[in-house]
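What follows is a set of notes on a single structure, which appears directly below.
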Amino acid sequence: MSDRLTQIYNAFDPSRPLPAGDPQYVDFRDVRGDEDIVSDLGKRIRNSNQATYQLYTGHRGSGKSTELRRLQQSLEEYGFFVVYFEADEEDIDPQNVEYIDILLACTRRFLKEIRSANAAPIQNWLRDRWQDLKDLAQMEISIDDVSLEQSLSVFTKLTASIRAEPTQRAKIRERVNPHTITLLQALNEFIADARQHLPQGKSKLAMIVDNLDRIPIDFRDNGRSNHEEIFLDRSEQLKGLNCHMVYTVPIALVYSRWANEVQTIYDKTLVLPMVMVQQHTGEVFPPGLAKLREAVWLRVNPHAPDLDLATQVFDAPETLERLCLSCGGHIRELMQMMQEAVNRADQVPITAREVQRAITELRAVYQRAVEEPEWEKLAQVAHTRIIPNDNEHRSLLQRRCILEYRCLDEVGELLTWYDIHPLIRKLPRFQEELAKLNP
């Protein structure tokens, strides 16, 4: 692989959200039903005199983290001090999450980011419960004179154990859960003092908790899901922090039977849909396709400014179009397939064969993701462009076998429709079920 291809390969790192203001950012608003996090969530935060509690969701890999960084930058420009963190980076294990894990993570992040505030309420909370926690914290401190740094170290140890040590996780939850109300009270006292000691030019406080949407759905014996337990049963606690809060949530929750309750409990739930690359009639949607080509070009251009994208980076415009259509408007999968195609190439132009191999590799993943009874359901969705409100279809939505699209009609009415992932469409098993609906 040439140096140029190596640079292009790394430009499509699917795990790297773009920072706010990055020149590679593409504004997809016009091909996502006019959704814009800065206007929709940001204005609510800026205009409200009271703390707001809002939810943000969408398919995993659709670009939520990039959009949340735009929200952070916008709020900072309006005088907010914003604590943003990816919850699964250091604090929680998405495969096993309870509310208390989120509260401890928020506490640690506030202590880490706001060093100027009076930490006495948190220190007092630790001191009063030190006998229960000291063996779990696994450190020796003078609890009568605990410092902010020592408090931060304790919470860092607790969240690290919750994330990585299953045996310790259960013990921590058991001992901290009875004291969540007092911890909330202590944290709110800390937040109140923090507002008086924010950096110059900052007068308001907000927190953004990212990557909670990565929590997979798990149904309990009583029929309720872990999503319901965290975001509904413990909603009063999630709304208990006295500052503006934005939580990402799993997309399956927003399309559950509790959708109305979610909307009632939280101030706003915003969904980031797929980039619309085809219309609900199945015809290609040129504006969406053009936006995806722009996204590819902005990442390629710094490393190949002398080459034409459609005829020199790729061997033909049709090759680039096939790549963009195959992702279904899912940004991360566009990045993944681009990396796979580049990895198979020894030189530019990237050929149709190399792109097809990348598409085939990802299609095989989707074939393995679909269980036998689900093929018929997918065929029905492809036929009707709607989804029933049941657990089976929510699971398919969570796994991106079904994708959501939004657009505005000629009078500005927002239309939402669904389709199967385009990589599934050519699978023989799917074609069998679709043929039954179109004899």
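Using the Kirkwood formula over every pair of different C-alpha atoms, what hydrodynamic radius in Å results for the range 290-358?
With all distinct Cα pairs of the range 290-358 included, I get 11.7 Å.
Using the alpha carbon gyration tensor of the range 1-126, what are the three equivalent-ellipsoid semi-axes (square root of 5 times each eigenvalue), largest first, in whole Å?
Working from the Cα gyration tensor, I get semi-axes of 30, 21, 15 Å.
Tell me which residues come under 5 Å, amide H to amide H, from L270 once H is placed; ignore anything under 5 positions away on its chain.
Residues meeting the amide H criterion: L55, Y56, T57.
Quote the relative contact order of the chain in percent (integer), defining contacts as alpha-carbon pairs under 8 Å separated by 6+ residues.
Numbers: 645 pairs, mean separation 101.7, N = 439.
The value is 23 percent.
What would the Debye formula give as log10 I(q)/I(0) at q = 0.18, 0.20 Å⁻¹ for the alpha-carbon point model of the range 72-144, no solvent?
The Cα Debye sum returns log10 ratios of -0.93, -1.06.
If amide H atoms are built 1.01 Å from N in the plane of the peptide, which residues on other chains or at least 5 residues away come under 5 Å of the amide H of F81?
Sorted by chain and number, the residues that satisfy this are S203, K204, L205, A206.
Taking θ = phi - 60°, what integer Hz values does the Karplus form 6.51 cos²θ - 1.76 cosθ + 1.60 yield along the range 164-174, in sequence order, with x for Gly and Pro?
10, 10, x, 5, 6, 3, 5, 5, 4, 4, 4
Given N residues in the chain, what is its alpha carbon radius of gyration divided by 2.2 N^0.38 Å?
1.07
Sorted from largest down, give the three principal axis spans of the alpha carbons of the range 351-439, whole angstrom values.
On the principal axes, the range 351-439 reaches 43, 34, 29 Å in Cα extent.
At q = 0.19 Å⁻¹, what is the base-10 log of I(q)/I(0) for the range 182-294 according to the Debye formula with one equal point scatterer per Cα and no solvent? Please give it to two decimals.
Summing over Cα pairs of the range 182-294 leads to -1.05.
With a ≥ b ≥ c taken as the square roots of the eigenvalues of the C-alpha gyration tensor of the range 28-75, please select rounded if a/c is under 1.5 and otherwise prolate if a/b is larger than b/c or oblate if it is not?
prolate
Between Q278, M245, N222, whose Cα lies farthest towards the positive end of the dipole of the range 220-300 when Lys and Arg beta carbons carry +1 and Asp and Glu beta carbons carry -1, centred on the Cα centre?
Projecting each Cα onto the dipole axis, the largest value belongs to Q278.
Have a look at the DSSP beta bridges in the chain and tell me what percent are antiparallel, nearest 5.
30 percent
Taking the Cα centre of the range 150-221 as origin, work out the dipole magnitude from +1 charges on Lys and Arg Cβ and -1 charges on Asp and Glu Cβ, in debye rounded to 20.
Values: 11 positive and 8 negative charges, 30 e Å.
About 140 debye.
Using the eigenvalues of the Cα gyration tensor, what equivalent ellipsoid semi-axes result for the range 85-203 when each is taken as the square root of five times the eigenvalue, whole Å, largest first?
On the way: eigenvalues 104, 59, 30 Å².
Semi-axes from the Cα gyration tensor: 23, 17, 12 Å.
Quick check on the chain: helices-only [θ] at 222 nm, where DSSP H runs of length 4 and up contribute -39,500 (n - 2.57) each and the sum goes over total residues. Nearest 500, please.
Roughly -14500 deg cm²/dmol at 222 nm, from the helical runs in the chain.
Over 21 Å between Cα atoms, which of K202/K239; K291/K377; K64/K426; K64/K268; K157/K204 qualify?
K202/K239; K291/K377; K64/K426; K157/K204
Rounding to the nearest 20 debye, state how big the charge dipole of the chain is about its Cα centre with +1 on each Lys and Arg Cβ and -1 on each Asp and Glu Cβ.
200 debye
With an 8 Å Cα cut-off and a minimum separation of 6 or more residues, compute the relative contact order for the range 1-124 in percent.
RCO, the range 1-124: 21 percent.
In vacuo Debye scattering of the range 282-439, one point per C-alpha: log10 I(q)/I(0) at q = 0.11, 0.17, 0.18 Å⁻¹?
-0.50, -1.03, -1.11
Any read-out appearing in this document is the output of simple, stated calculations on the displayed coordinates, not a laboratory observation. This structure is a prediction, so every number in the text was calculated from the model and none was measured. Note that we place each Cβ from the backbone using ideal geometry, even for glycine, and neighbour counts take in every protein chain shown.
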